[in-house]
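Notes follow once the structure below has been shown.
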Amino acid sequence: MKRFAHKSQYFLRSPKRIKELVGHTTIKPHDTVIDIGAGSGTITSVLTTRCSTVISYENDSRLVAKLQENFKDIDNVTIVNQDFLQAILPEVPYKIFANIPFHLSSPILRKLTESDRRPTAIYLIVQKQFAHKLLINDERFTGLLGAQVAPLYTTRIRMRLERTDYWPHPAVDTVLIELLLRDKPLIAPNRLDAYRKFTADCYEAPKIFAKMPQVKAGITPGTKPSQLTLNQWVVLFEEQNVY
């Protein structure tokens, strides 16, 4: 199976390995699941046996033709020839399971988490470095996207993959990351846009971050935005009166 490595895309080689990964998710037989960047259809094929409805997005018309031929007799899968970033997300509850192009990890996750039609669970195979930046309350550096997603989703690394799981082998380590939608967001829905603006400004402008009521949030002097806990972000946002 050929993958477009120049676009930071790699296919997983083994259906058995994909079944193992899906087995470590919350995907159930009644679920609707979206596969992003379906490629040759290996993940889509596994998903059709694990859930009631599969929607597979692929932007390459050549691959779409093969997908449509391969799945023409499978009733529970829909192949969509479209850039997922331009897609309209389902109104019904749905989950995500996908091996996405590494260079599109941030825009894809932003689309999913900033939409009013958010998935109840997100499973993405991504670079390990990208995944670690999403983990808040961790000893590592937390990226802006991690701070913005955390009030909506709990995040953890579910499984680690081997480079030999792919062909060709990627030059980076990868993991399956899990994001589960919280029953109740830690930031009021009507304040989420303001929270995203607030966190972005704090990361990008040290002077703005320095003016925030850090003492009320229990933030030690000299702490960087990337070092804050989720609770500190929430309290800091609630205590400030600029956004």
Next item on the list: Under 1.5 on a/c is rounded, so check that first for the stretch 51-100, then, if it is not, pick prolate when a/b is larger than b/c and oblate when it is not; a ≥ b ≥ c are the square roots of the alpha carbon gyration tensor eigenvalues.
Entry: oblate
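Would you work out if the stretch 178-238 is rounded, prolate or oblate? Take a ≥ b ≥ c from the square roots of the eigenvalues of the alpha-carbon gyration tensor; rounded if a/c is under 1.5, else prolate when a/b is larger than b/c, oblate otherwise.
Here the stretch 178-238 falls in the prolate category.
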Note to self: What distance in nm lies between label points placed 7 Å from Cα along the C-beta direction at Lys184 and Glu139?
What the structure shows: 3.4 nm
Next item on the list: Name the residue, out of Thr48, Thr199, Thr223, whose mean-square fluctuation peaks in a Gaussian network model built on the chain with Cα pairs under 10 Å.
Entry: Thr223
Item checked: Spin-label zone in the stretch 198-224 - amide nitrogen under 15 Å from a point set 7 Å from the Cα of Tyr243 along the C-beta vector -> 198-214, 217
Check: Taking the chain as a Gaussian network, where each spring joins two C-alpha atoms under 10 Å apart, which residue of Ala121, Ala210, Ala98 fluctuates the most?
Finding: Ala210
Notebook entry, point to check: How many nm is it between the label spots at Asp173 and Ser61, if each spot is 7 Å from the Cα in line with the beta carbon?
Noted result: 4.2 nm
Next item on the list: Classify the stretch 29-74 as rounded, prolate or oblate, taking a ≥ b ≥ c as the square roots of the eigenvalues of its Cα gyration tensor: rounded when a/c is under 1.5, otherwise prolate if a/b is larger than b/c and oblate if not.
Entry: prolate
Next item on the list: Count charges around Gln148 for me, please; just the other residues with Cβ under 11 Å from its Cβ, Lys/Arg as +1, Asp/Glu as -1.
Entry: +1
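Any read-out appearing in this document is the output of simple, stated calculations on the displayed coordinates, not a laboratory observation. Treat the numbers as computed from the prediction; the structure is a model and nothing was measured. When we count neighbours, we look across all protein chains shown, and the Cβ atoms used for this are built from the backbone with ideal geometry, even at glycine.
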